[in-house]
Structures are given as structure tokens and as C-alpha cells.
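Report on the following structure.
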Amino acid sequence: MKRIFLLTASAVLLTACSTQTFYDPAPAVQLPVQPIIPAQLPNPLDLPGKDLPTYVNTYPVGTHEHFAAQREYPLTLEHWANDALLMQVTRANSKLVICIPQQRARLYVNGKVAMDWAVSTGTNGHETPTGVFRIIEKNEDHKSSRYGKFIDANGKVTNGNADLAHGLPEGQTFQGAGMPYWHRFTPDGVGLHTGKVVAGKRLSHGCVRTQNHVARKFYQHSVLQLPVYITRAVEDYYRGGFVKPIDVKYRPKPGNDYTDNIAPTQIKIVPANSAEAHFQA
């Protein structure tokens with residue numbers, strides 16, 4: 001395994017949330033996509049009566065519109081993907097939008113939804129920052145340098161939800177929590193990775209948690225410098241665009257904005273077994 005990341009001028013600080021190990025559920029079912037004419041269809045978010053016994057989802061089966069018009073959506077752990085679109089991802093034609101009110105992430109390719117999945121973002125006091133970001137690092141086997149376990153001299157776990165910022169007890173060692181399929185958004189350790197997800201619920205210390213099988217699929221197709229939009233506005237997914245955040249708390253420093261060109265020399269490959277491969281967040 002290799003770890004890919006972008007060198008930044010800022011010192012790389014502590015990772016913002018922790019994860020556990022999760023078993024993969026059955027993969028999402030890919031149904032044949034039938035042609036539709038979007039102009040003739042309403043926004044699924046505006047559909048009335050989804051809670052009524054007589055409600056019928058009239059969108060063509062297999063389309064994202066049908067997925068989003070399900071009675072349970074957006075409070076579902078199911079994800080939707082278009083594999084043909086995922087094969088076309090570049091940083092120039094794609095964007096990731098994370099909608100905090102819906103606790104959903106949607107990847108767009110050429111203005112069309114390529115993936116839609118459930119996430120769990122930061123809790124009160126540990127809010128996920130809103131704003132415009134980019135993926136500045138990818139690491140398939142990342143470890144946290146802040147959150148994890150304290151282990152005593154006998155190998156016993158004394159604190160399974162430890163925060164190293166509060167200090168390491170004398171005579172104990174720290175084991176960082178695994179954060180598989182890590183995508184860094186900020187120099188100070190906010191990103192997307194495998195973690196426990198509850199539909200519609202915020203759970204993390206600031207990161208964007210994603211189910212393991214979905215995080216792996218996204219990792220296989222994501223690219224460095226992919227634009228990321230995190231917003232508290234309800235994201236206008238149906239029209240294939242994005243909503244700029246209305247309450248920006250963080251933006252990259254001048255010169256690091258997502259529209260800037262990135263020199264190839266700024267990207268570095270680090271072997272997974274090297275000293276640099278872990279505990280850098």
C-alpha cells in the first residue's frame with residue numbers, strides 16, 4: 001500500500017476524529033439506468049406525501065432520482081453509485097459536496113451525481129468546518145496521532161477512547177485509532193475516513209465518517225485536489241450543481257484555494273512502511 005499526500009506550508013497537526021473496525025454490508029445493487037428527461041421531473045426533496053401510505057415513487061428504477069425519492073431518504077444507510085461516471089473522475093470535472101443538514105455526501109462528475117452516501121459529521125463542540133476545500137492527502141491505512149487507546153505496561157487497555165491532547169499517563173503507551181481510506185481536507189486534520197455512521201446523526205470529533213465499504217469505493221476513484229464543499233445549506237443535488245456555504249468558518253489560505261494550479265512536484269508518494277507513513281495527521 002502507498003500513501004499519497006500533498007506537501008503544504010502549514011505544519012501537519014492532529015487528526016480530528018477516531019474510528020473503529022467495521023464489517024462490510026452487502027454491496028449496493030446497481031440496476032440498469034433508464035433514460036429520463038430531468039426537466040419533466042420535480043425535485044425529489046419537494047415531493048409531497050412521502051410519509052403517506054399512498055405515496056408512489058414514480059422515478060425510473062436505477063436512477064439517482066429514484067434513489068433520492070425513496071420514502072426513507074435521506075435517513076438511510078444505503079448508498080447509490082454510477083460506476084460509469086466514477087471512471088471519469090478528475091479534479092477538473094468533479095466535486096464532492098457534504099451536506100450537514102442531510103448528513104449526506106454526493107460526488108458529482110460533469111454535473112451528474114456519481115455517488116450518494118450517508119455520513120456522520122462533527123458533534124456540538126466538534127463541528128465539521130464548513131467552506132471550500134480540496135483533498136490534499138490520501139492514505140489507505142492512516143492512523144490518528146491524537147485519538148486512540150492508552151495501554152499499560154501489561155498490555156491492558158486503560159482508556160479505549162483516549163485523547164492524547166490531555167496527556168499520556170506515566171508508564172503507558174498510545175496506540176492511534178485506525179482511519180482507513182483517509183482523505184485530508186485541512187492541514188489541522190479534518191478529513192473523510194471509515195467510521196461509525198448513523199443515518200442523519202452527527203457523531204465525530206470533526207471528521208466526515210463514512211461506512212467502510214463506501215469509503216473504499218470512493219477512495220478507489222477519488223483524486224488529489226478534488227474540490228470539496230462542506231455546507232449547512234440544503235445542497236441542490238437534483239440540479240447537478242452545488243451551493244456555496246453560507247457560513248464559511250474555514251477557507252484555505254491565499255495561494256491554496258481550490259482553483260489554483262498544483263505543481264506535480266508538490267505531490268509525494270510515501271511507502272506504507274516508512275517512518276512518514278503514520279501519525280502525521
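The values are calculated or read from the model by the stated rules, or taken from the named source; none is laboratory data. Just so you know, these numbers come straight off a predicted model, no measurement behind them. Here Cβ is always computed from backbone atoms with ideal geometry, including for glycine, and neighbour counts include all displayed protein chains.
Being touching a Cys at 6+ places or on another chain (Cβ under 9 Å), closer than 30 Å to VAL234 by Cα and modelled with pLDDT of 90 or more is a property that does not hold for ALA118. As a summary of the residue check, ALA92 satisfies the conditions (1) closer than 28 Å to LEU224 by Cα; (2) touching a residue at least 12 places away in the same chain (Cβ under 8 Å); (3) of a type in the set (Gly, Ala, Ser) except for the one numbered (2). The residues of the stretch 111-156 that are within 27 Å of HIS64 (Cα to Cα), small (Gly, Ala, Ser) and either within 13 Å of the chain's Cα centre (by Cα) or not in a strand (DSSP E or B) (or both), listed by number, are GLY111, ALA118, SER120, GLY122. For the stretch 164-204, the candidate set comprises residues that are among the charged types (D, E, K, R) and closer than 28 Å to TRP117 by Cβ; within that set, the residue that is surrounded by the most Cβ atoms within 10 Å (Cβ to Cβ) is ARG184. Based on what the data block shows, is ARG71 closer than 26 Å to LYS201 by Cα and either within 18 Å of the chain's Cα centre (by Cα) or in a strand (DSSP E or B) (or both)? Judged against the criteria, ARG71 is not a match.
In the stretch 69-80, the qualifying residues are those that are out of contact with any Asp or Glu (no Cβ under 7 Å at 6 or more places or on another chain) and either surrounded by 20 or more Cβ atoms within 10 Å (Cβ to Cβ) or of a type in the set (Ser, Thr, Tyr) (or both), and the one that is nearest to ALA118 (Cα to Cα) is THR76.
Is it the case that ASN82 is closer than 24 Å to ARG216 by Cα and not small (Gly, Ala, Ser)? It is true that ASN82 is closer than 24 Å to ARG216 by Cα and not small (Gly, Ala, Ser). Screening the stretch 188-261 for strands (runs of 3 or more DSSP E) wholly inside it with 1 or more residues that are of a type in the set (A, V, I, L, M, F, W, C) and at pLDDT 95 or above returns the ranges 191-194, 208-210. The residue of the stretch 154-163 that is surrounded by the fewest Cβ atoms within 10 Å (Cβ to Cβ), among those that are modelled with pLDDT under 90 and among the small types (Gly, Ala, Ser), is GLY160.
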